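Quick notes on the structure that follows.
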Protein chains: 2
Amino acid sequence: MKIAFGLITKFKAHPGNRKALVNILLEVAVGLEQYNACIQYVVSVNEDDPETVIVTEVWTDSGHHKASLDNEEVKAIIERAKPLIASVEKSINMDVIGGKGL
Amino acid sequence: MKIAFGLITKFKAHPGNRKALVNILLEVAVGLEQYNACIQYVVSVNEDDPETVIVTEVWTDSGHHKASLDNEEVKAIIERAKPLIASVEKSINMDVIGGKGL
């Protein structure tokens, strides 16, 4: 039934820091271009909330996702993002079943 | 800044109906193959909750997304899904900024 691992993470930036956080997370997406196991890393903002940044990810499996967090380049970028993040409001692990655009 | 319209919808199926709901939503994804404006329509389940089905969508814009809801084929499939759905727990509209896999 499950074809991939999905993750939705909802960040709350400190007031006024959303744009800077978005830019850093877009850098993470570029850093992940080298990872074939990373199928998607999409950065979005929420129209109704000036501090929310949402990242939707799809990976071949959760193991590869976890391994990416040990990548020095990805770790360094995430360290730069931390001061901008007030909280990680929600993180939903998903079993991706299928659909269009994978 | 915004390159697309994104939507995350979290459905709660009636107990025992998750698989049937997933299958119908996968039919919606097939029905949307004809829509170039629909970049993604991904159906996932949540490991921690046997009744949750999550659909993540990316469209060129919200207008095309709304128009798809008037499509007779899509409408008919959604009607079949309704009896299986206990609630639509959450629906988050997003401005997609960018990333990998779009």
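The values are calculated or read from the model by the stated rules, or taken from the named source; none is laboratory data. Note that the structure is a prediction, hence the values are computed from the model and not measured. All Cβ positions, even for glycine, are placed from backbone atoms using ideal geometry, and neighbour counts span all protein chains on display. Just the protein is used for accessible areas: all its heavy atoms, side chains included, with ligands, DNA and RNA removed. Shrake-Rupley method; radii C 1.70, N 1.55, O 1.52, S 1.80 Å.
Please give the length that would be gained between residue A:102 and residue A:36 if that part of the chain were fully extended, namely 0.36 nm times their separation in residues minus their C-alpha to C-alpha distance (nm, one decimal). Could you put the intermediate results ahead of the total?
Working: separation 66, 0.36 × 66 = 23.76 nm, distance 1.28 nm.
My answer for the length gained is 22.5 nm.
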Asserting the computed 222 nm helical MRE of chain B (DSSP H runs at least 4 long, -39500 (n - 2.57) per run, divided by residue count, to nearest 500) equals -9000 deg cm²/dmol
Buried by at least 20 Å² relative to the chain on its own: which residues of the range B:1-23 qualify, computing accessible area with a 1.4 Å probe on protein heavy atoms? B:1, B:8, B:10, B:19, B:22
Using a label position 7 Å from Cα in the Cα→Cβ direction, what is the ascending list of nm distances from residue B:50 to the same site in the other copies? 4.6
The range B:1-42 and the range A:52-102 have their Cα centres apart by a whole-number Å value of 21 Å
Could you please tell me the mean projected area of the C-alpha convex hull for chain A, averaged over all directions and given in square nanometres to one decimal? 6.5 nm²
Between copies, how far does the label point of residue A:37 sit from its twins, in nm, shortest first, when each point is 7 Å from Cα along Cα→Cβ? 3.8
Residue by residue through B:43-54, how many Cβ atoms from other chains fall within 10 Å of the Cβ on average? 5
Using Cα-Cα distances under 8 Å and only pairs 6 or more residues apart, what relative contact order does the range A:4-96 have, in percent? 50 percent
Using distinct alpha-carbon pairs, which all enter the 1/r mean, Kirkwood radius of the protein assembly as shown in Å: 17.4 Å
Net charge over other residues, Cβ less than 14 angstrom from the Cβ of residue A:54 (K, R count +1; D, E count -1): -1
Angle, helix B:18-31 long axis vs. longest principal axis of chain B, Cα atoms, 0 to 90°, nearest 10? 30 degrees
Roughly how big is the B-A contact, given as buried accessible area in Å² (both sides, 1.4 Å probe, nearest 100)? 2900 Å²
Measuring from the longest principal axis of the C-alpha atoms of chain B, the long axis of helix B:72-81 (C-alpha) lies at a number of degrees, nearest 10, equal to 40 degrees
Inter-copy label distances at residue B:64, 7 Å along the Cα→beta-carbon direction, one decimal in nm, shortest first? 2.7
Cα-based reach from residue B:12 at 15 Å (exclusive), listing aspartates and glutamates while leaving out same-chain residues under 8 positions away: B:47, B:48, B:49, B:51, B:89
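Taking the radius of gyration and the Kirkwood hydrodynamic radius from Cα positions alone, what is the Rg/Rh ratio for the range B:1-43, to two decimal places?
Rg/Rh for the range B:1-43 comes to 1.06.
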Radius 15 Å from Cβ of residue A:63, net charge of other residues (Lys, Arg +1; Asp, Glu -1): -3
Show which lysines lie in cross-link reach of residue B:66 when reach means a straight Cα distance below 19 angstrom and same-chain residues fewer than eight apart are skipped. A:100, B:2, B:10, B:75, B:82, B:90
For a label point 7 Å along the Cα-to-beta-carbon line of residue B:48, residues of the range A:49-63 with backbone N under 18 Å: A:55-57, A:62-63
What does the charge dipole of the range A:1-100 about its Cα centre add up to, to the nearest 20 debye, if the Cβ of each Lys and Arg holds +1 and the Cβ of each Asp and Glu holds -1? 120 debye
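Taking K and R as +1 and D and E as -1, what net charge do the other residues with C-beta under 13 Å from the C-beta of residue A:24 add up to? Before the final figure, lay out each step's value.
Working: positive: A:18, A:19, A:75, A:80, A:82; negative: A:27, A:73, A:79.
Once all neighbours under 13 Å are counted, the net charge is +2.
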Which far-off residues, 5 or more places away or on another chain, put their amide H under 5 Å from the one on residue B:47, with H placed in the peptide plane? A:95
